[in-house]
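The values are calculated or read from the model by the stated rules, or taken from the named source; none is laboratory data. As the structure is a prediction and not an experimental result, all values here were calculated from the model. Glycine gets a Cβ as well: all are built from the backbone with ideal geometry, and neighbour counts include every protein chain shown. These area figures cover heavy atoms from the full protein model, side chains too; ligands, DNA and RNA do not enter into them. Shrake-Rupley method; radii C 1.70, N 1.55, O 1.52, S 1.80 Å.
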Amino acid sequence: MKDFPLANSSFEKEVAIDLSIVIVSFNTKELLLQCLASIKNNTTGLQKEIFVVDNASVDGSPDAVSKQFSNIQLIRNQENKGLSSAGNQAFRKSQGRYLILLNSDTILLENSFLKIVKFLDENQKFSVLSPQIINESGQPYPMRLWQDTPKDALLKILGKYNATDELKNMAGNDTREVEAVGGSCFVLRRSTIESVGLLDEKHFLYNEEDDFCRRARKIGGKICYFPETSVKHFLGQSTHQPDIRERVIVETYKSNLYFYSKYYSTVWNIILRFLYKLTFVLSILRSLAKLIKGKPAQGADDSILLKLKMFFLSPGKPTSEFVSGR
């Protein structure tokens, strides 16, 4: 594994409370307000603080939060800093023994955080935890419980990755040790952050949770899947906004390449980058065939110009124009 510099892991304040809840927001005002209301109504028995880090929303989100939830610590960014960087802003200011990075398009259905804190207090071996994540229909949403492998990456690039394997591994209501968990409700022990550092800000979008789990496990920390409580997630409400969809696709691609360079061998990096280029070419040909038949492109996911841009893209510093949750 290569070593990459991470953001400064120091905290500005000493531990003073049980829990710090951090929500990174971008243009999901109604969902964000719903999320905050669910925390207010379903989190008791804990000393807590809530941060909302707004990544330059233009839908009135920060003003609405300030008006309706005066006790929340609101950080207004003048530009979108990405999920990891924005989350780290609040982490540094936090005072909780535990920190939760929570998507803005989630809601609590019960006193989930009290259950989680009690469990972690009784099980000191666990450094990172995720509850079960359910969709709008109340069904478990697939979550990979093992660290991403080159084979997983290959199958995803080729469009052959089968998420039902994730559901199979999630079966049952037993709490268990796993290799990785998803980031929709990402619970961290403060002492672990002090040991391994904050989120890697080079992951502007996606892969930050797998990266953190790997670093925690490297120092002997354990990762927990905790299906004894569930959080509902209205999936993709931020990343599928039409006006930012193109940048979401580009940043996901760049984050993947960075992640591969950090954890996979040179040979695998060559193979995976070649496969990406191949899929871009095939996608362009499919889109051209549709145009010839008189079928217009359907958004950024079907854009020929975007695929050409990505084909010639030399990944560097991520752009900063969007993103809250996933």
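The angle separating the long axis of helix 266-292 from the principal Cα axis of greatest extent in the chain is about 60 degrees. The value for the range 152-195 of Rg(Cα) / (2.2 N^0.38 Å) is 1.55.
Farthest toward the positive end of the dipole of the chain, out of 25, 71, 85, is the Cα of 85, where the dipole comes from beta carbon charges about the Cα centre.
Modelled label positions at residue 125 and residue 228, each set 7 Å beyond Cα in the direction of Cβ, lie 1.5 nm from each other. Helix-only estimate, please: 222 nm mean residue ellipticity of the chain, summing -39500 (n - 2.57) across DSSP H runs of length 4 or more and dividing by its residues, to the nearest 500. Only helices count here, giving -12500 deg cm²/dmol.
Cross-link partners for residue 67 among the lysines, with Cα-Cα distance under 17 Å and sequence neighbours closer than 8 places in the same chain left out: 29, 40. Solvent-accessible area per residue in the range 92-246 equals 39 Å², computed with a 1.4 angstrom probe and all protein chains kept.
With 0.36 nm allotted per residue and the present C-alpha distance subtracted, the residue 218-residue 40 stretch has 60.5 nm of extension available. Note on residue 76 and residue 135: the extension gain reaches 18.3 nm, defined as 0.36 nm multiplied by sequence separation minus the Cα-Cα distance. The distance from the alpha carbon centre of the range 93-110 to that of the range 187-207 is 14 Å, rounded to a whole number. Between residue 164 and residue 92, the modelled labels are 4.7 nm apart [label points 7 Å from Cα along Cα→Cβ].
Note on the range 139-270: percent of Cα-Cα distances in each 10 Å bin, starting at 0 and stopping at the bin with the largest distance, equals 10, 38, 40, 12, 0. The H on the amide N of residue 69, modeled in the peptide plane, is under 5 Å from the matching H of no residue at least 5 residues off or on a different chain. Check the straight Cα-Cα distances from residue 262 and name the lysines below 23 Å, setting aside those fewer than 8 residues away within the same chain. Reachable lysines: 2, 81, 151, 156, 202, 218, 222, 254, 277, 317. Once backbone amide H atoms are built at 1.01 Å from N, residue 226 has 130, 132 as its partners under 5 Å, excluding neighbours fewer than 5 places away on the same chain.
Couplings for the range 94-102, taken from phi via the Karplus curve 6.51 cos²θ - 1.76 cosθ + 1.60 with θ = phi - 60°, read 7, 10, x, 5, 10, 10, 10, 8, 10 Hz in order; Gly and Pro are left as x. Within the range 92-153, the trypsin sites (Lys or Arg not before Pro) that combine a DSSP coil assignment with at most 10 other C-beta atoms in a 10 angstrom radius are 125.
In this simple spin-label approximation, residue 177 and residue 30 carry label points 7 Å from Cα along the Cα→Cβ vector, and these lie 4.5 nm apart. Equivalent-ellipsoid semi-axes for the range 1-160 (Cα gyration tensor, √(5λ), whole Å, largest first): 25, 21, 20. Between the Cα long axis of helix 245-263 and the first principal axis of the chain there is an angle of about 80°, rounded to the nearest 10.
Need one number: the % of Cα-Cα pairs in the chain sitting beyond the 30 Å mark. That tail contains 34 percent of the Cα-Cα pairs.
Using the Cβ-Cβ distance between residue 156 and residue 14 with R0 set to 41 Å, the FRET efficiency works out to roughly 0.45. Between helix 29-42 and the chain there is an angle of about 30 degrees, using the helix long axis and the longest principal axis of the Cα atoms. Once backbone amide H atoms are built at 1.01 Å from N, residue 201 has 7 as its partners under 5 Å, excluding neighbours fewer than 5 places away on the same chain.
Please report, as a whole percent, how much of the solvent-accessible surface of the range 66-138 comes from carbon and sulfur atoms (probe radius 1.4 Å).
The nonpolar share, carbon plus sulfur, comes to 41 percent.
Based on C-alpha pairs under 8 angstrom that are at least 6 apart in sequence, the chain has a relative contact order of 24 percent. Projecting the Cα atoms of 128, 43, 169 onto the dipole axis of the chain, where Lys and Arg carry +1 and Asp and Glu carry -1 at the beta carbon, places 169 farthest toward the positive end.
For residue 278 and residue 64, a Förster radius of 30 Å and the Cβ-Cβ distance give a FRET efficiency of 0.10, rounded to the nearest 0.05. Restriction of the GluC sites (Glu not before Pro) in the range 110-159 to DSSP coil positions whose beta-carbon has at most 11 other beta-carbons within 10 angstrom yields 136. Quick check on the chain: of the DSSP beta bridges with both residues there, what percent are antiparallel, nearest 5%? Close to 35 percent.
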